[in-house]
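The values are calculated or read from the model by the stated rules, or taken from the named source; none is laboratory data. Just so it is clear, the structure is predicted and the values come from calculations on it, not from any experiment. All Cβ positions, even for glycine, are placed from backbone atoms using ideal geometry, and neighbour counts span all protein chains on display. Side chains are part of the model used for accessible areas, which takes the heavy atoms of the whole protein and leaves out ligands, DNA and RNA. Shrake-Rupley method; radii C 1.70, N 1.55, O 1.52, S 1.80 Å.
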Amino acid sequence: MYLLWPLLFLHVSAARLSSFDVRLKQPKQEGKVRLVGDLPSSGRVEVYHDGQWGTVCDDGWDLAEAQVVCRQLGFPGAKSFMPGGRYGEGSGSIWLDDMNCKGSESSLSECSFKGWGITDCSHKEDAGVVCETGTNTTSNRQFSVDNSLGLSEDLGLLFDSGSGCDFRIKVKDDSEESELTFCVHSMILMFYPELNITKDSRTLTMDVSQTCHPHVSAFLRYLYSRQIDVSITSAQCLHQLAFNFGVKKLMEDVGRAFTLLIPEDNTFHTQVSMFEYGLRTGDLVLQENVLQYLSWNFEFLISSPVWSTISFHMMDALLRRSDLIVKDEAFLLEALERWIQDKGDEISSDQQASLLNHIRFLLIPVDKLYEMQFSSSILHRNHEKLYLTGLLRGFQFNALPFSKIRNQMYNTSSEYLPRIYTGDEWSVFINDTTVNYQYHNYYYGQNNRIQSFSTPAHPSALYKEQNVQWQAQVFLSNQECSYYGIPCTSFPVARFLASGNQNMYTSTIRYSNRLILTCKNENNIFHVQDFKNDMAVIPNNSSMGLPNPCPDDYSFRFVVRPEYI
């Protein structure tokens, strides 16, 4: 049974609540950083989150990130950044990965990154910095005194007591059959400008669904203490209240709890409803979580009844993405054409053209490009110039070396960057995850978890006859890793090796390969990971962006993704 979100109703079995309870708190040290090393001004960078210190992966680690860390610690700036565990390996969580700072942020957690705890790094990649110490550090040296630890709870107790309250919030539903009144402090409400509270205001009346009335008190207490307990049954109500009050941080935090629901509905009704809800409330985190899951499961979405009902905004957002998993670009174009035809007059001609412009004609297989020029569909006739331009650029891409056409493309253009194409020409599937192989069978080529295949060096027709040999391997035990001389600290581990002519193309082509994890019974993709040094260590369930719905019964697809440099 799927879940719909037309208003504020979310039905979840009470028997499952305990596994989804999460506590959203903002301790006094949340987001703070420290350096672990022999000197105060240099060391391994650690960041405080969710009650514990953790490290930062060196992927994307550069001088801009180092500047942010050093200034956050009170130093004038950074001398240098240190990748690769230069200051020793940390322990526990790796909180941040794929950092991308502008250099002007006031704290490291304000920079762009994958998400808290989402990483494919090991502690060998813990990042470090060397900060500038300055020269005048004697008479004017400052130090911080922070006794704010108990302030949050004290403010919460102030809400509980109602002592000195001077403002009333009335909560009612549309039927006006139920009404609640809370006495609060106007000074607290003034921290939330969307409420338009002035010194002369004394009452605020809000329409809230009766379903959410039990959660209003906890939400108002959060305005004081910035602490709240969130369960799946309360998540949507708290999210809607945060939207109404303009509490963006709480919206984002609660929105992450919604990701627990995303993999549970194979009909895609819930995910589509979540996206539209996120669009209405402006919750970018929720929108991104849904779009990522639908991008990974795009082929399943296309074959579902929901496909013809999705909005223009969702289709536009999906077609912009490079993490769409599809057989090939021609398959994607055919699906879009069917969707446009099903929509009929709901989609204007300009909107049709806008969506068709997201198709990467350059990456459509050349034989299918050739067949497209003979199409007589209404859509082709209505947008003849657009199709002809796409065909021309596609043929140029397949006939000319990239050095000839590079200057005609914008540096930020994605039209020549591949999505994740799973056609037989570019991927191999490993379905066997048993570990009871005889020693002789495993090491003498009778293992179904070692597959070899070949691909063209690149999708362009110029490389059609120039093949690269690949070997895909999945290791499930220390014994298997030891045989190949691979240090493995957790399982499963995947390795994707190239041989043959790959080195001939390193100045022109790079390979951004992907590993796809799919539930065997449900046929839904719940995780996609890149390879580092040909290896991919599968993260545990707690550090995945989405929960793993089939922890003991999933399969592996290895995908080759050549890109022009």
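Using the 1.4 Å probe convention, the accessible area of the chain works out to 50 Å² per residue with neighbouring protein chains retained.
Specify the angular offset, from 0 to 90 degrees and rounded to the nearest 10, of the alpha carbon long axis of helix 329-343 from the longest principal axis of the alpha carbons in the chain. The angle comes out near 60 degrees.
What FRET efficiency would be calculated for the residue pair S217, Y483, taking the C-beta separation as r and a Förster radius of 60 Å, to the nearest 0.05? Working shown, then result.
On the way: r = 60 Å, r/R0 = 1.01.
Calculated transfer efficiency: 0.50.
Packing here is the average count of other Cβ atoms within 10 Å per residue, and on that basis the peptides 84-94, 452-462, highest first, run 452-462, 84-94.
Applied to segment 390-402, the Karplus parametrisation 6.51 cos²θ - 1.76 cosθ + 1.60 on θ = phi - 60° returns per-residue 3J(HN,Hα) values of x, 4, 4, 5, x, 5, 4, 4, 8, 10, 10, x, 4 Hz, with x for Gly and Pro.
Straight-distance candidates among the aspartates and glutamates for linking to K248, with alpha-carbon spacing under 18 Å and chain neighbours fewer than 8 residues away dropped: E30, E110, E194, D229, E276, D283, E288. Think of it this way: in the chain, no Cys stands alone, since each has another Cys Cβ under 4.7 Å.
For the chain, carbon and sulfur atoms together expose 48% of the accessible surface, with a 1.4 angstrom probe and every protein chain in place.
Show me 314-320, 400-406, 344-350 ranked by packing, highest mean number of other Cβ atoms within 10 Å first.
Numbers: 314-320: 17.7, 400-406: 12.3, 344-350: 9.6.
Put in order of decreasing packing, that is 314-320, 400-406, 344-350.
For F167, the amide hydrogen comes within under 5 Å of the amide hydrogens of V184, S186, counting only partners 5 or more places away or on other chains and with H modelled in the peptide plane. Here the Karplus relation 6.51 cos²θ - 1.76 cosθ + 1.60, evaluated at θ = phi - 60°, turns the backbone of segment 206-222 into coupling constants of 10, 8, 9, 3, 4, 4, 9, 4, x, 9, 5, 4, 4, 5, 5, 5, 4 Hz, with x for every Gly and Pro.
When the surface is traced with a 1.4 Å probe over the full set of protein chains, K464 keeps roughly 110 Å² accessible. In a simple Cβ point-charge model (Lys, Arg +1; Asp, Glu -1; nothing else charged), the chain has a dipole of about 1140 debye relative to its Cα centre. Taking a 32 Å limit on the Cα-Cα distance, which of the listed pairs K102/K124; K102/K249; K114/K368 fall beyond it? K114/K368, as the Cα separations exceed 32 Å there.
Counting helices only, and only those DSSP H runs with n ≥ 4, report the 222 nm mean residue ellipticity of the chain as the sum of -39,500 (n - 2.57) divided by its residues, in deg cm²/dmol to the nearest 500. Please report the intermediate quantities before stating the final value.
Numbers: 18 runs with 164 residues, N = 565.
Helix contribution divided over all residues of the chain: -8000 deg cm²/dmol.
Heavy-atom accessible area with a 1.4 Å probe sorts E30, E465, E337, largest first, into E465, E30, E337.
For K199, a cut-off of 20 angstrom between C-alpha atoms picks up these aspartates and glutamates, skipping any fewer than 8 places away in its own chain: D166.
The computed Rg/Rh (Cα atoms, Kirkwood Rh) for the structure shown corresponds, within [x] 1.00; [y] 1.21; [z] 1.03, to [x]. Counting Cα-Cα pairs of segment 227-332 in 10 Å increments starting at 0 gives whole-percent bin shares of 14, 47, 28, 10, 2. In straight-distance terms, cross-link reach from K532 covers every one of the aspartates and glutamates whose alpha-carbon lies under 20 Å from its own, apart from those fewer than eight places away in the same chain; here that gives D58, D59, D62, E89, D97, D98, D120, E125, D126, D323, E480, E563.
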